[in-house]
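Read the figures in this text as sums done on the coordinates, not as results from a lab. All values reported here derive from a predicted model rather than from experimental measurement. Cβ coordinates were reconstructed from backbone atoms using ideal geometry, including for glycine residues, and neighbour counts include every protein chain displayed.
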């Protein structure tokens, strides 16, 4: 993968100046590359990975397996795009295997998520069935460890 | 009462503890220390290597290997030398698998050095050469390299210290602590000085996988040098296998035969599980090594830039995972600088003089740390410099 993308994927808050030093390029070049990646849609956005357990806000997340009937013209796309348009849906994937769409849904509490699945998702025309699995604890998200700080077994000083 | 001065040998009593150790001890007593002092990779050993170790343990392959090491590993090492430094060695008679590079260094010195022999040691360098030479009764002779020469050894510096008593040159490149490397043309000049002598070269190439830009080159590749060179390498740094204690050495069989006797009596054989794991490492993990090198390279650029911006002039290293910035502009000695930095900002770095007198005026900083860690440490060093200026 492009070295610049690799760095941004692990830490999108690195400044252009820092990225330039890390990559051995000048700042202008980096700035231009990022602009191009954004314009062409390779980079779709930037977001923070938050440990919800440490914030004041209550959040509940669930994985939902969805079976759907593909539509004649658009296949799975139309229905997947429709599901994706709900703000409660954090991610949506077309899957191989026993079900069709794998989505993550978040809400303020169990009831909130359940209601979304029962009243908004399940009734969509073409949705055959849903199976909901609530997340109990997150350990890693988007390549970032959510657990306590990584420990360094090495001593302070060695030859 | 027992008089331990009469129990412990004079040589052992007079041996100085490593200057690195002292800082480790202080750092351990303080809370919240962040370190840039570690000389080992922060990466885990590649998974395939660990898996191979587990598989062989499960099969119960835990007996001694032959003294010089598993034949299949020696064969892999031979192909590795062929591929990397384009030098052929016979796995049956010219290669030994050792307990880290350290054992290979010790055994080479013990096999070659007689009491009174002079051993040329290129400084600044790793801390073990001088004590090991003294243990063998040899006389260590330091050759100080200079920053203006990129910390490379020059032919003139070598000639100046060469005498009738010179037995060996210890050539540690890529270098710990400076990060300097020797290019083929630099090595050729050294080779020209040594070619018609009986001086042997111990080339410690433990950091050979970790070069940035220029490919590693060994003095064994220079005309007429293979016959007098012992090449030492290992898995610790490049393959992130420090705790496995596994190194290897190659040289002319007329020398290796005698080193093997020392290895056989002192060690028997290197750890069997580590040897099986290393076979997998050489066969399948070069790609992972390259990934680590890319990561080190980014950090190297970041740290060099960081020190230069802080006003501590920093030589751009081309190998290993250390930078060696000059702290002369602060007016402090290396030792003072490191102690003050440790107590006031809780950042542990190693004073340059721990690596020989010529390291005075410098500090060794390891970048075998995550970017976030390096950023935090550089920030603290910046605050420290503001305060003392």
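Data overview
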quantity: Angle between chain B longest axis and helix B:100-112 axis [Cα atoms, degrees, rounded to 10]; calculated: 60
quantity: Normalised contact order of chain B, rounded percent, pairs of Cα under 8 Å and 6 or more residues apart; calculated: 24
quantity: Bridge type composition, chain B - antiparallel percent by DSSP, nearest 5; calculated: 40
quantity: Percent RCO, i.e. relative contact order, over region A:52-136, from Cα pairs under 8 Å lying at least 6 residues apart; calculated: 43
quantity: Helix B:71-85 vs. chain B, principal-axis angle (Cα, 0 to 90°, nearest 10); calculated: 60
quantity: Chain B: radius of gyration over Cα atoms, expressed as a fraction of 2.2 N^0.38 Å; calculated: 0.99
quantity: DSSP beta bridge pairing in the protein assembly as shown, given as percent antiparallel to the nearest 5; calculated: 65
quantity: Order of B:292, B:241, B:15, B:268 - criterion: other Cβ atoms within 10 Å of each residue's Cβ, fewest first; calculated: B:268, B:15, B:292, B:241
quantity: Value of Rg/Rh across region B:328-389 [Cα atoms, Kirkwood radius]; calculated: 0.96
quantity: Ranked list, fewest to most other Cβ atoms within 10 Å of each Cβ, for A:21, B:365; calculated: A:21, B:365
quantity: Cα pair distances of region A:104-159 binned at 10 Å [whole percent]; calculated: 16, 31, 22, 13, 9, 6, 2
quantity: Extended-chain gain in nm, criterion 0.36 nm per residue less alpha-carbon gap, residue B:164 and residue B:30; calculated: 43.3 nm
quantity: Residue order, fewest to most beta carbons within 10 Å, for B:289, A:30; calculated: B:289, A:30
quantity: Cα gyration tensor category, rounded, prolate or oblate, for region B:254-356 with a/c compared to 1.5; calculated: prolate
quantity: Region B:61-285 - share of DSSP beta bridges that are antiparallel (%, nearest 5); calculated: 30
quantity: Estimated FRET transfer efficiency (residue A:6, residue B:144; beta-carbon r; R0 35 Å; 0.05); calculated: 0.30
quantity: Compactness of region A:52-136 as Cα Rg over 2.2 N^0.38 Å, two decimals; calculated: 1.10
quantity: Percent RCO, i.e. relative contact order, over region B:61-169, from Cα pairs under 8 Å lying at least 6 residues apart; calculated: 22
quantity: Whole-Å semi-axes of the protein assembly as shown's equivalent ellipsoid (Cα gyration tensor); calculated: 52, 29, 23
quantity: Residues listed by number, region A:132-156, amide nitrogen under 18 Å from residue A:63 label point at 7 Å toward C-beta; calculated: A:132-147
quantity: Region B:61-285 - convex hull of alpha carbons, volume per residue in Å³; calculated: 111
quantity: Computed E for residue B:87/residue B:258 - FRET, C-beta separation, R0 22 angstrom, nearest 0.05; calculated: 0.60
quantity: Chain B: angle of helix B:272-284 to the longest principal axis, Cα-based, in degrees nearest 10; calculated: 80
quantity: Candidates B:354, B:277, B:12, ranked by Gaussian network fluctuation over chain B, Cα under 10 Å, top entry; calculated: B:12
quantity: Sites residue A:138 and residue B:13, calculated FRET efficiency, Cβ-Cβ separation with R0 51 Å, nearest 0.05; calculated: 0.35
quantity: Cα gyration tensor shape of region A:7-159, rounded if a/c is under 1.5, else prolate or oblate by comparing a/b with b/c; calculated: oblate
quantity: Linear extension gain, residue B:286 paired with residue B:184, 0.36 nm per residue minus alpha-carbon span; calculated: 34.4 nm
quantity: Label-point separation in nm, residue B:370 to residue A:84, each point 7 Å along Cα→Cβ; calculated: 3.1
quantity: Spin-label model distance (nm) - residue B:75 vs residue A:118, 7 Å beyond Cα toward Cβ; calculated: 6.8
quantity: Stokes-Einstein translational diffusion, region B:157-198 - Kirkwood Rh over all Cα pairs, 0.692 mPa s, 37 °C, in µm²/s; calculated: 284
quantity: Computed [θ] at 222 nm, helices only, for chain B once each DSSP H run of length n ≥ 4 contributes -39500 (n - 2.57); calculated: -13000 deg cm²/dmol
quantity: Over chain A: helical MRE at 222 nm, DSSP H runs n ≥ 4 each giving -39500 (n - 2.57), nearest 500; calculated: -7500 deg cm²/dmol
quantity: Residue B:339 paired with residue B:293, simple spin-label distance in nm, labels 7 Å along Cα-to-beta-carbon; calculated: 4.1
